[in-house]
Structures are given as C-alpha cells and as structure tokens.
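Only the coordinates and a few stated rules stand behind these numbers; no lab work does. What you see is a predicted model; the values in this text were computed from it and never measured. Here the Cβ positions follow ideal geometry from the backbone for every residue, glycine too, while neighbour counts run over all protein chains shown.
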Amino acid sequence: MNGVLDNWAQGTSIGLQTAGGIITGAIAIISEDLLTLTDATINGIAVTLANVVISEIIAAGLVPTT
C-alpha cells in the first residue's frame, strides 16, 4: 500500500493533489490501487463519490473539519 495512506482510516477527511487537479473528501474505501472518497470535490465541483488511482496521487494531506 502507499505509505502515506497506511495509517488513515475510513471517514478521515483528506485533500489530494493529482495531475488532474485537487480532490478533497472523506475516505470511504482504500484498496490495493484505488482510493474512493465520499462527499468529495474535484477542482471545486461537488460529487458524491470520487475514485482515485493511488499511483496518480502526487501529494496528500489531512483536511481540518469543524
């Protein structure tokens, strides 16, 4: 698994930088090569689910929640 995501659990709010832009959301599923986020945004556009190929992630970070 990708070392950055190893300690993050379902429901954790994260932000990702990919070649396609910025994706934010809550972790729903982490599989071998795919990350699924729920209640996500892709470049500022709201979507219910976002599937991200883990090898396409350039940077990842936690997003503060209120």
**Asked** Taking Cα pairs under 8 Å and at least six residues apart, what relative contact order does segment 20-66 come out at, in percent?
**Response** 29 percent
**Request:** Would you calculate the separation in nanometres between label points at residue 10 and residue 45, each defined as 7 Å from the Cα along the Cα-to-beta-carbon direction?
**Result:** 2.9 nm
